[in-house]
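Engineer: Below are the structure tokens for one structure; questions will follow.
The values are calculated or read from the model by the stated rules, or taken from the named source; none is laboratory data. Keep in mind that this is a model prediction, so the values were computed, not measured. Every residue, glycine among them, receives a Cβ derived from its backbone with ideal geometry; neighbour counts consider all protein chains shown.
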Amino acid sequence: MANRIHPSILNANLAALDDEIRRIPSADAIHVDVMDGHFVPNLSIGLPVVECLRKNHPDRFLDVHLMIENPDLWAPQYAETGVDSVGFHIEASQAPIRTARQLRSMGCRASLALRPQTPIEPVADFIAEFDQILIMTVDPGFGGQKFLDAMLGKIRRTREFVERSGADVWIQIDGGVSAATIDRCVDAGVNVFVAGSSVFGADDPDAMVRALREQADRRAAGGLS
Ligand code: DX5
Ligand code: ZN
């Protein structure tokens, strides 16, 4: 499975998002963090901005990460904008399977996100209901935090559950991804990497996207990086 780099625009210039997105043509997707100030102690952007991003960048893969309360109500409205993937947190959802099925019926990929303290085991029996599992490798809410090594076991177990299901479920991680942490995540079974500050803090963000992907591909192929 090819490795994908999804830069998070949370740490980009939020008042110039169109320009920021154009700076990373090599990205496999744009990771859009939506925060409501309740599910996480931070507020970012919402539905009207996501609608504009979809219109302004019709050819980019938009990977929305909802860190909000009541995602069963809101997630379909994000799918309605035509984004490619909508991720919502299991901790905030009353009906994750029903919401995932609704997203898929709208032609949108369904991604299930887990906070660091949330175990993957309860999801194992219905993991094939999702197109992606998003394992947070920091407490959600802010960019620039330190990668939590303690998540590697959960990532490995998620990879086992996905392989056992036989379904094509992407495993995404989000938080603290950089050249220093990406190898151990590849080893644990991740194939989709969200990277915020390591990409937008680089002198050349697009070169960093390519470098991270090449490093992950090399590692997955068993080579030294
Ligand atoms: C954090 C967000 C992330 C964040 C990642 O809650 O979900 O997408 O932007 O930023 P870095 O890569 O800097 O940890
Ligand atoms: Zn995110």
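Engineer: Anything in segment 153-182 that is aliphatic (A, V, I, L, M) and within 16 Å of ligand 1 (Cβ to nearest atom)? List them, or say none.
Structural biologist: Ile155, Ile171, Ile173, Val177, Ala179, Ala180, Ile182
Engineer: Next up: Tell me which of these Glu20 doesn't satisfy, since it passes every other one: (1) of a type in the set (Asp, Glu); (2) within 13 Å of ligand 1 (Cβ to nearest atom); (3) without any contact (Cβ under 8 Å) to a residue 24 or more places away in the chain.
Structural biologist: Of the numbered conditions (1) of a type in the set (Asp, Glu); (2) within 13 Å of ligand 1 (Cβ to nearest atom); (3) without any contact (Cβ under 8 Å) to a residue 24 or more places away in the chain, the odd one out for Glu20 is (3).
Engineer: Oh, and also: Quick one: would you say Val83 is closer than 11 Å to Leu103 by Cβ, surrounded by 21 or more Cβ atoms within 10 Å (Cβ to Cβ) and touching a Phe, Trp or Tyr at 6+ places or on another chain (Cβ under 7 Å)?
Structural biologist: No.
Engineer: Cβ contacts < 6 Å: first residue basic (Lys, Arg), restricted to segment 115-135; second residue at pLDDT 95 or above and outside any helix (DSSP H, G or I), any location; separation 6+ or different chain. Result?
Structural biologist: Listed by first residue and then by second, the contacts come to Arg115/Met136.
Engineer: Against the conditions (1) over 15 Å from the mean Cα position of the chain (by Cα); (2) within 16 Å of ligand 2 (Cβ to nearest atom); (3) of a type outside the set (D, E, K, R), where does Gly107 fall short? Just the number, please.
Structural biologist: Going through the list (1) over 15 Å from the mean Cα position of the chain (by Cα); (2) within 16 Å of ligand 2 (Cβ to nearest atom); (3) of a type outside the set (D, E, K, R), Gly107 breaks only (2).
Engineer: Return the total of residues in segment 151-179 being surrounded by fewer than 22 Cβ atoms within 10 Å (Cβ to Cβ), touching a Ser or Thr at 6+ places or on another chain (Cβ under 9 Å) and of a type in the set (Gly, Ala, Ser).
Structural biologist: 2
Engineer: Find all pairs meeting these conditions: Cβ atoms under 6 angstrom apart; at least six residues apart or on different chains; first residue within segment 166-194 and touching a residue at least 24 places away in the same chain (Cβ under 8 Å) and closer than 17 Å to Arg115 by Cα; second residue small (Gly, Ala, Ser) and within 12 Å of ligand 1 (Cβ to nearest atom).
Structural biologist: These pairs meet every condition: Val177/Ala195; Val194/Ser8.
Engineer: Name, by its number, the condition in (1) in contact (Cβ under 8 Å) with a residue 12 or more places away in the chain; (2) loosely packed, with under 15 Cβ neighbours inside 10 Å; (3) in contact with an Asp or Glu (Cβ under 6 Å, 6 or more places away or on another chain) that does not hold for Asn13.
Structural biologist: Every listed condition holds for Asn13 apart from (1).
Engineer: Pairs under 9 Å by beta carbon, first residue under 24 Å from Asp28 (Cβ atoms) and touching a residue at least 12 places away in the same chain (Cβ under 8 Å) in segment 63-75, partner basic (Lys, Arg) and away from ligand 1 (no atom under 16 Å from the Cβ), six or more apart or different chains?
Structural biologist: These pairs meet every condition: Asp63/Arg109.
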